[in-house]
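Please read the structure below before turning to the comments.
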Amino acid sequence: MTTVTVTVRIPDGWPVTEEEARAVQDALRARVEAGGSGPPPGTGRVTGVDVAYDDGRDLVAAAAVVLDGATLDVVAEATAVGSVPFPYVPGLLAFRELPAVLAALDALPCPPGLVVCDGYGLAHPRRFGLASHLGVLTGLATVGVAKNPFTFHHDDPGAARGSTSPLLAGTEEVGRVLRTQDGVKPVFVSVGHRTGLDDACAQVLAVTPRHRLPETTRRADALCRRALQEALTRH
DNA sequence: GCGACAG
DNA sequence: ATCTTGTCGC
């Protein structure tokens with residue numbers, strides 16, 4: 001498997017302040033498309049994206065790994081390296097992660113299909129997490145898979161793989177708590193762009209045959225860490 | 001005002 | 001996210 005590595009380019013007009021970032025969220029939020037028209041779970045292509053940082057050296061590395069939805073074999077992968085465009089601010093994670101992710105996706109030699117993000121989509125204080133943001137910017141179908149409940153509340157789902165419970169903001173179901181392996185801590189799924197919550201959960205289960213986290217995220221996580229180390233070594 | 005807070 | 005050793009278990 002050959003991996004193309006490109007340099008991150010920060011899009012024109014990328015916000016610098018938190019106020020600007022919130023204004024961008026407000027402007028883009030209405031462009032989220034609800035519902036899914038993509039291939040059923042276990043078919044088509046599924047792509048994982050993830051980002052690693054060395055803030056001390058102002059270095060960021062992103063990876064995009066495309067898997068065959070049926071076999072979960074790696075079909076293609078790409079990485080992007082550059083400087084950190086935005087600090088970590090809860091609720092504004094998209095502005096820190098997306099420039100590198102967009103560059104990695106652009107470098108892929110094939111369409112990514114459904115994109116599985118690390119973090120949230122609709123389940124966001126302002127209902128526009130990084131998965132939603134990525135979907136609107138690219139037009140791709142996206143889902144968010146987070147490892148903790150962020151600011152939301154929930155009851156624990158049943159112990160069996162596939163069990164779910166609603167992820168709640170007050171009484172509003174903004175996502176779903178999904179048990180991906182028997183007796184293992186669940187993940188937190190929310191809709192990004194052009195997907196529905198039921199489909200998002202089914203898609204996540206389809207790429208989670210053996211571990212708590214999707215194969216897409218595991219592959220992307222490993223690759224972006226490697227890319228970061230590579231960049232550190234070269235300089 | 002203070003704490004909580006995806007990655 | 002990242003800082004970090006050994007250790008228990010499949």
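Pairs only if they're at least six apart or on different chains, beta carbon under 6 angstrom, first in region A:169-193 and at negative phi and in contact (Cβ under 8 Å) with a residue 24 or more places away in the chain, second of a type in the set (Ser, Thr, Tyr) and surrounded by fewer than 22 Cβ atoms within 10 Å (Cβ to Cβ); list them, first residue then second.
That search, which allows pairs on different chains as well, returns A:ARG176/A:THR164; A:VAL177/A:SER165; A:LEU178/A:THR164.
Which one is most open to solvent (accessible area, probe 1.4 Å) among residues in region A:20-68 that are within 13 Å of DNA strand B (Cβ to nearest atom), under 18 Å from the mean Cα position of the chain (by Cα) and of a type outside the set (A, V, I, L, M, F, W, C)?
A:ARG29
Looking at region A:224-235, which of the residues that are open to solvent by 20 Å² or more (accessible area, probe 1.4 Å) and over 17 Å from the mean Cα position of the chain (by Cα) is nearest to A:GLY44 (Cα to Cα)? Working first, answer last.
Filtering region A:224-235 down to residues open to solvent by 20 Å² or more (accessible area, probe 1.4 Å) leaves A:225-226, A:229-230, A:232-235.
Filter once more, so that each one left must be over 17 Å from the mean Cα position of the chain (by Cα): A:226, A:229-230, A:232-235.
Working: A:ARG226: 27, A:GLN229: 32, A:GLU230: 31, A:LEU232: 35, A:THR233: 36, A:ARG234: 36, A:HIS235: 39 Å.
By that ranking, first place goes to A:ARG226.
Within the set of pairs 6 or more residues apart or between chains, which connect a residue that is assigned to a strand (DSSP E or B) inside region A:67-78 to a residue that is open to solvent by 50 Å² or more (accessible area, probe 1.4 Å) and of a type in the set (Lys, Arg) with Cβ atoms less than 8 Å apart?
The qualifying pairs are A:LEU67/A:ARG45; A:LEU67/A:ARG219; A:ASP68/A:ARG45; A:VAL74/A:ARG219; A:VAL75/A:ARG45; A:GLU77/A:ARG219.
With the checklist (1) within 18 Å of A:ALA62 (Cβ to Cβ); (2) assigned to a loop (DSSP other than H, G, I, E, B) in hand, flag the one item A:VAL115 doesn't pass.
(2)
Checking the structure you have, find out if any residue of region A:188-200 is part of a loop (DSSP other than H, G, I, E, B), aliphatic (A, V, I, L, M) and either buried (at least 19 other Cβ atoms within 10 Å of the Cβ) or touching a strand residue (DSSP E or B) at 6+ places or on another chain (Cβ under 6 Å) (or both). Outline the logic, then answer.
Taking region A:188-200 first, the residues part of a loop (DSSP other than H, G, I, E, B) are A:194, A:196.
If we keep only those that are aliphatic (A, V, I, L, M) as well, we get none.
No: region A:188-200 contains no residue that is part of a loop (DSSP other than H, G, I, E, B), aliphatic (A, V, I, L, M) and either buried (at least 19 other Cβ atoms within 10 Å of the Cβ) or touching a strand residue (DSSP E or B) at 6+ places or on another chain (Cβ under 6 Å) (or both).
Restricting region A:207-223 to residues that are crowded, with 20+ Cβ neighbours inside 10 Å and over 13 Å from the mean Cα position of the chain (by Cα), which is nearest to DNA strand C (Cβ to nearest atom)?
Selected residue: A:LEU223.
Given the conditions (1) without any contact (Cβ under 8 Å) to a residue 60 or more places away in the chain; (2) surrounded by 17 or more Cβ atoms within 10 Å (Cβ to Cβ); (3) assigned to a helix (DSSP H, G or I), which single one is not true for A:ALA103?
Going through (1) without any contact (Cβ under 8 Å) to a residue 60 or more places away in the chain; (2) surrounded by 17 or more Cβ atoms within 10 Å (Cβ to Cβ); (3) assigned to a helix (DSSP H, G or I) one by one, A:ALA103 breaks only (1).
The values are calculated or read from the model by the stated rules, or taken from the named source; none is laboratory data. From a predicted model like this one, the values you see are computed outputs, not experimental measurements. Cβ coordinates were reconstructed from backbone atoms using ideal geometry, including for glycine residues, and neighbour counts include every protein chain displayed. What goes into the accessible areas is simple: the full protein's heavy atoms, side chains included, and nothing from ligands, DNA or RNA. Shrake-Rupley method; radii C 1.70, N 1.55, O 1.52, S 1.80 Å.
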